[in-house]
């Protein structure tokens, strides 16, 4: 069995050996064990279900929350000769129907769907006929009510067990605390599972928190000091462009990325960065999922994220080649209050949420009692302008509606044009004889793209126009004609986000919103923000140890190279000695009015130089300040 696994790994992925824990996870799955796998970002999770699907020579159903990841993985699989497909919003009913038919008849080894898709009638109608060998649940932390990206439809995945009681389930995630892990096992009903967890420690990654009120200049200084490719994470789209423009003025080649950009532009920027056309990508958290660039030397957070899970994932995009790299959080005096402010903004009142829902239904002219699984193009900016709504409040209201499983909003994603020929070869030939002007187009389609009779195939109207010496508009017009005459099912490309209504519109009096669930999520969000604050502002502990402890991994040793460990090393103090001085200094400044020149008198049998060093470190970190009279004060 092991030899066969290695042969498949070499044949389809070109690797001679598995990464740490991959082989053990795969063996667990193919020996029919329910399995929980925790592999950090870049740990190679996808092979853990893709290879078993080939080994079983049957279908693996992959449940994933991200359209871009689904499409990206399907393209890679097809390129490697592995039959795969994905179902996502924006597809026509005929296309979804055909893909499910192919899945039933065993034409795929992997089928990717969102958790919400499991609830649709067209999927349920095919469910028991699917020749499943494995169910893989990616981003499994979303199952958990403690998870940082709560998706209610994940809670219904366990219903698949009634249809497929004997096949194994594999849950995968990069970041999960002990509570989240327990919740995953419970909600997925993973009884007696095999559990594999790679250490969250990244020994080649140097963590640092840098305090500076002038963030822009400090970003440039850091990037001038650390050579190589990098990412700067920011909170807002506006901030992304501003920092990128500033870096370019400082002769640091950069570009910016956020979800509001046209998908064509996003794809091009990402490709240019991957190909080292510029050094630094300044981006919101829309950037990074599925990115596997090995030589990223620095990930710098100009704005702190809302959770340590998000921080760890984003920071983990540095140093995937295992060479020394840096994960730097840049903070100033405003960041603590800014983090806490996000909580209130992120949880609108129930009446505001209901108002947005009613306007949304009216916007798409959905009558009461209708709307379930209807899909529409959605532009948040246009929607807010049309009804004079506050953008941020509306976004958070829509997010709350999504968390209550009332709607789903997909990412702003490029969905390419697709086409499938409907008649037989003979019927197509007869059509060409009767309509000779279409013969060049049909012949070019058949020469350019394989599988047009069997699958919806991605096409490029511009390439077709170039080959035929005509315009894209003419090609589009001809393809529309083929569709109207049932010669081809042609689906033009689209780039806008989609909104999907997951339930029929209720009356106002029957509008149900679980407010207690909302308050529960708010409490969880508060705790996560406090963990970020603790990491950035309030700890005198090795940064790596803080992150490991958050994910339930105990470490008795310091990493030796984060900003805290380096400061302790430079001082000549042992870590435990530095911690005692730190704690006493903080306590003194809280309790009494004291000058920096007097502080050493409060310590006995401790060298004055060591006390001064620890005090200077506290001031540099923005924890304590001196007034004009040299009196020390806490910084709130």
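The values are calculated or read from the model by the stated rules, or taken from the named source; none is laboratory data. None of the values given here were measured: they were computed from a predicted structure. Backbone-built Cβ (ideal geometry, glycine too); neighbour counts: all protein chains shown.
With respect to the conditions (1) under 19 Å from residue 90 (Cα atoms); (2) in contact with a helix residue (DSSP H, G or I) (Cβ under 8 Å, 6 or more places away or on another chain), residue 498 falls short on a single one, namely (2).
For the residues 496, 508, 523, the requirement of being modelled with pLDDT under 95, surrounded by 15 or more Cβ atoms within 10 Å (Cβ to Cβ) and under 30 Å from residue 406 (Cα atoms) singles out 496.
The criterion of at least 2 residues that are within 25 Å of residue 66 (Cα to Cα) and in contact with a strand residue (DSSP E or B) (Cβ under 7 Å, 6 or more places away or on another chain) is met, among helices (runs of 4 or more DSSP H) falling completely within region 338-450, by 391-403. Just one of the listed residues (309, 314) is out of contact with any strand residue (DSSP E or B) (no Cβ under 8 Å at 6 or more places or on another chain) and either assigned to a helix (DSSP H, G or I) or on the phi > 0 side of the Ramachandran plot (or both), and it is 309. Checking each residue in region 14-48 for being touching a helix residue (DSSP H, G or I) at 6+ places or on another chain (Cβ under 7 Å) and farther than 12 Å from residue 196 by Cα picks out 15, 16, 18, 30, 41, 44, 46, 47. None of 486, 493 is touching a strand residue (DSSP E or B) at 6+ places or on another chain (Cβ under 8 Å) and under 30 Å from residue 370 (Cβ atoms) except 493. When residue 328 is tested against (1) crowded, with 19+ Cβ neighbours inside 10 Å; (2) within 18 Å of the chain's Cα centre (by Cα), only condition (2) is not met.
For region 126-152, the set of residues classified as outside any loop (DSSP other than H, G, I, E, B) and either in contact with a strand residue (DSSP E or B) (Cβ under 8 Å, 6 or more places away or on another chain) or at pLDDT 90 or above (or both) consists of 126, 127, 132, 133, 134, 135, 136, 137, 140, 141, 143, listed by residue number.
Please determine whether any residue of region 551-572 is within 26 Å of the chain's Cα centre (by Cα) and surrounded by fewer than 19 Cβ atoms within 10 Å (Cβ to Cβ). Yes: region 551-572 contains one or more residues that are within 26 Å of the chain's Cα centre (by Cα) and surrounded by fewer than 19 Cβ atoms within 10 Å (Cβ to Cβ).
Let me confirm something: among 537, 511, 501, which residue is assigned by TED's automatic domain parsing to the domain that holds residue 395 and in contact with a strand residue (DSSP E or B) (Cβ under 9 Å, 6 or more places away or on another chain)? Step by step, each of 537, 511, 501 is checked, and only 501 is assigned by TED's automatic domain parsing to the domain that holds residue 395 and in contact with a strand residue (DSSP E or B) (Cβ under 9 Å, 6 or more places away or on another chain). In region 399-416, the residue that is surrounded by the fewest Cβ atoms within 10 Å (Cβ to Cβ) out of those that are in contact with a helix residue (DSSP H, G or I) (Cβ under 9 Å, 6 or more places away or on another chain) and farther than 25 Å from residue 93 by Cβ is 403.
Only one of the numbered conditions (1) surrounded by 15 or more Cβ atoms within 10 Å (Cβ to Cβ); (2) farther than 30 Å from residue 384 by Cβ is not met by residue 333, and that is (1).
Which one of 160, 134 is buried (at least 21 other Cβ atoms within 10 Å of the Cβ), farther than 25 Å from residue 404 by Cβ and in contact (Cβ under 8 Å) with a residue 12 or more places away in the chain? Residue meeting the stated conditions: 134. Filtering region 459-495 to residues that are within 22 Å of residue 90 (Cα to Cα), touching a helix residue (DSSP H, G or I) at 6+ places or on another chain (Cβ under 9 Å) and not in a helix (DSSP H, G or I) leaves 459, 460, 487, 488, 489, 490, 491, 492, 493, 495.
Checking each residue in region 265-285 for being under 19 Å from residue 227 (Cβ atoms) and buried (at least 19 other Cβ atoms within 10 Å of the Cβ) picks out 273, 280, 281, 282. Helices (runs of 4 or more DSSP H) fully within region 17-101 that include at least 3 residues being within 21 Å of the chain's Cα centre (by Cα) and closer than 16 Å to residue 136 by Cα: 47-56, 67-79.
If the condition is being surrounded by 21 or more Cβ atoms within 10 Å (Cβ to Cβ) and under 27 Å from residue 311 (Cβ atoms), then region 19-34 contributes 22, 25. Restricting attention to region 163-186, which residues are surrounded by fewer than 21 Cβ atoms within 10 Å (Cβ to Cβ) and farther than 20 Å from residue 40 by Cβ? Scanning region 163-186 gives 163, 164, 165, 166, 167, 186. Take the conditions (1) exposed (fewer than 14 other Cβ atoms within 10 Å of the Cβ); (2) out of contact with any helix residue (DSSP H, G or I) (no Cβ under 6 Å at 6 or more places or on another chain); (3) closer than 30 Å to residue 117 by Cβ; (4) modelled with pLDDT under 90; residue 515 misses just one of them, which is (2).
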